[in-house]
Each structure stands twice: as structure tokens, then as C-alpha cells.
Amino acid sequence: DINEWDDYALEEAVLLKEKFGGTVTAITVGSEDSDAVLRKCLARGADDAVRLTDPKFEGSDGYAIAKILSRVIK
């Protein structure tokens, strides 16, 4: 399930989208198990959802995942 802090971030992103325009893209690093969370993000107002997966990502800690996400966002 989506964690509390990510849920707050998604809610705020959707509010900003409604106020100023733009799009909200939910991104996660994980297996097919993450698809349910991405579907919830879409149902709550995200416009797009992306799941990044690669065998190299298995066992990544929070720092490694943050680096992966930052490179994708750039």
C-alpha cells in the first residue's frame, strides 16, 4: 500500500495540478507488486504512472532508490 508520506505528497501534487495545471506522474521502483499502488495513485488523481524495474535494483536501500528516481526525473 502507499505509505503515509507518499500519500500526502500525492494529495498535494494533485491539489497543485488542479490550481495551476500540469500533470502528476507517480513513479516507483519495484516489482509487479507495486502495480496496485500505482493504480491507486491513478485513481486518486495522478495522470501517469511509471514502474521502474531492473534486476540490478533488487536489494537497493533508500539512498540507492533516491538516486535512481532522481536520474529518471531529470
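The values are calculated or read from the model by the stated rules, or taken from the named source; none is laboratory data. As the structure is a computational prediction, the values presented were derived from the model and not from experiment. Heads up, the Cβs are rebuilt from the backbone with ideal geometry, glycines too, and the neighbour counts pull from every protein chain shown.
Structure data summary
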item	result
Meets criteria (surrounded by 10 or more Cβ atoms within 10 Å (Cβ to Cβ), under 10 Å from the mean Cα position of the chain (by Cα) and either at pLDDT below 95 or of a type outside the set (Asp, Glu) (or both)) for Thr53	no
Some residue of the range 14-23 being touching a Ser or Thr at 6+ places or on another chain (Cβ under 9 Å), surrounded by 12 or more Cβ atoms within 10 Å (Cβ to Cβ) and free of Cβ contacts under 8 Å to residues at least 40 places away in the same chain	yes
Members of the range 1-13 found to be part of a helix (DSSP H, G or I) and either in contact (Cβ under 8 Å) with a residue 40 or more places away in the chain or in contact with a helix residue (DSSP H, G or I) (Cβ under 7 Å, 6 or more places away or on another chain) (or both), listed by number	Leu10
First in the range 47-74 and farther than 26 Å from Leu16 by Cα, second anywhere and of a type in the set (Phe, Trp, Tyr) and at pLDDT below 95, Cβ under 8 Å, 6 or more apart	Ala64/Phe57
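This table checks each residue for (1) among the charged types (D, E, K, R); (2) assigned to a strand (DSSP E or B).
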| site | (1), (2) |
| --- | --- |
| Gly22 | no, no |
| Lys40 | yes, no |
| Arg51 | yes, yes |
| Gly59 | no, no |
